[in-house]
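Encoded as structure tokens, the structure appears first; notes follow it.
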Amino acid sequence: MRPLDDSPIIRNGNALILAYDHGTEHGPVDFEPMPASADPTHVFEVGRHDAVTAIALQRGLAEYYRTWEADHGIDDGSPLLVKVNGNSNLAERDDYYSPTQCSVAYAVEELGADAIGYTMYAGSIHEDRMWTEFRATQEAAREYDVPVVMWSYPRGRGIRTNDDYTGQSDPDVVAYGARLGLELGADMVKCKYPGTKAGWQQVEDAVRGLKTVMSGGSKRSDDAFLDDVRATIDAGGNGLAVGRNVFQREDPESLLDTLDDVIFGTQGVQEVA
Ligand code: FBP
């Protein structure tokens, strides 16, 4: 397989993935703080910032993205990561499950995907089924020589009922999820921030070189958010996959300017306590 560092979603060994699958995962409520973000083309434009190495979209928005690029003669849109599974929070389920709704063949051949994204809910009672679906996705991605990013979000009954864990952001849980990315064959793993630099160090210790990116989470102040990103980079992480902390801002460009330095420049080597 092509080395991940040669993938268009990587720059200087790192990545900044602009995630925009929230209309699926959370619904339009995520666009209320910045109503312009409900318009996909607003976020597609944000994704043209140099700091963004990929935009992560569900298949419908990926089709729209390619049409938008063609209609506007845009040849500098971000590389495309197609999220091949997803779920709404409307459905009442007995536990977390994210069904596959796009084949890797469709993502690559029809949408020109540069990478594939898959959410894994280890700890759910549906984990076994998701492992099987991930296997098919991972093997197909290998055939097309595109990297797979695992959104590794352990959650559900197995986490909730285990007294050893305090929740989804428990460093032991996050590190376990990251390790699954390594062992199940992901090329990069996206994890919730475990709260501290030491927590991210635990993630890095669990994966020994697999590329890791921090999941943005709900919107917070510039300083609070950048502290978490710097801590992740300082601990050995490879960047960020972020949605709300970018598209819910009035001026996402200035934050992206800073993230460009932190993730791809020199600020990442600053020490964070
Ligand atoms: P954010 O940066 O907005 O947290 O986005 C990252 C992401 O993984 C999205 O791709 C996805 O829509 C969302 O978080 C899922 O969040 P959760 O399932 O934890 O509510």
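The values are calculated or read from the model by the stated rules, or taken from the named source; none is laboratory data. Bear in mind the structure is a predicted one, so any value in this text is a computation, not a measurement. Cβ coordinates were reconstructed from backbone atoms using ideal geometry, including for glycine residues, and neighbour counts include every protein chain displayed. Surface areas here come from the heavy atoms of the whole protein model, side chains and all, with no ligands, DNA or RNA. Shrake-Rupley method; radii C 1.70, N 1.55, O 1.52, S 1.80 Å.
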Worksheet entry | Tabulated pairs, the range 16-29, first over 11 Å from Gly216 (Cβ atoms) and in a loop (DSSP other than H, G, I, E, B), second open to solvent by less than 10 Å² (accessible area, probe 1.4 Å) and among the aliphatic types (A, V, I, L, M), C-beta under 8 angstrom, 6+ apart or interchain | Tyr20/Val43; Tyr20/Ile55; Tyr20/Ala56; Tyr20/Leu57; Asp21/Ala56; Asp21/Leu57
Worksheet item: What are the residue pairs meeting all of these: first residue in the range 89-101, first residue within 13 Å of the ligand (Cβ to nearest atom), second residue among the β-branched types (Val, Ile, Thr), Cβ atoms under 6 Å, and 6 or more apart or on different chains?
Response: Ser98/Thr119
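Here's the yes/no breakdown for (1) surrounded by fewer than 21 Cβ atoms within 10 Å (Cβ to Cβ); (2) of a type in the set (Gly, Ala, Ser); (3) within 24 Å of Asp228 (Cα to Cα):
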position: His126; (1), (2), (3): yes, no, no
position: Trp131; (1), (2), (3): yes, no, no
position: Arg135; (1), (2), (3): yes, no, no
position: Ala141; (1), (2), (3): no, yes, no
position: Arg155; (1), (2), (3): yes, no, yes
position: Thr166; (1), (2), (3): yes, no, yes
position: Asp170; (1), (2), (3): yes, no, yes
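For (1) within 14 Å of the ligand (Cβ to nearest atom); (2) closer than 20 Å to Arg59 by Cβ; (3) of a type in the set (A, V, I, L, M, F, W, C), each residue gets a yes or a no:
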{"residue": "Ser103", "(1), (2), (3)": "no, yes, no"}
{"residue": "Val108", "(1), (2), (3)": "no, yes, yes"}
{"residue": "Phe134", "(1), (2), (3)": "no, yes, yes"}
{"residue": "Pro171", "(1), (2), (3)": "no, no, no"}
Response to the item:
Asp21 meets each of (1) charged (D, E, K, R); (2) over 13 Å from Lys83 (Cα atoms); (3) in contact with a strand residue (DSSP E or B) (Cβ under 8 Å, 6 or more places away or on another chain) with one exception, condition (2)
Practice prompt. Only strands (runs of 3 or more DSSP E) wholly contained in the range 138-243 count here; list those with 1 or more residues that are on the phi > 0 side of the Ramachandran plot and touching a residue at least 60 places away in the same chain (Cβ under 8 Å).
Written response: 239-242
Fill in: Conditions (1) over 16 Å from the mean Cα position of the chain (by Cα); (2) modelled with pLDDT of 95 or more; number of the one not met by Gly209
(2)
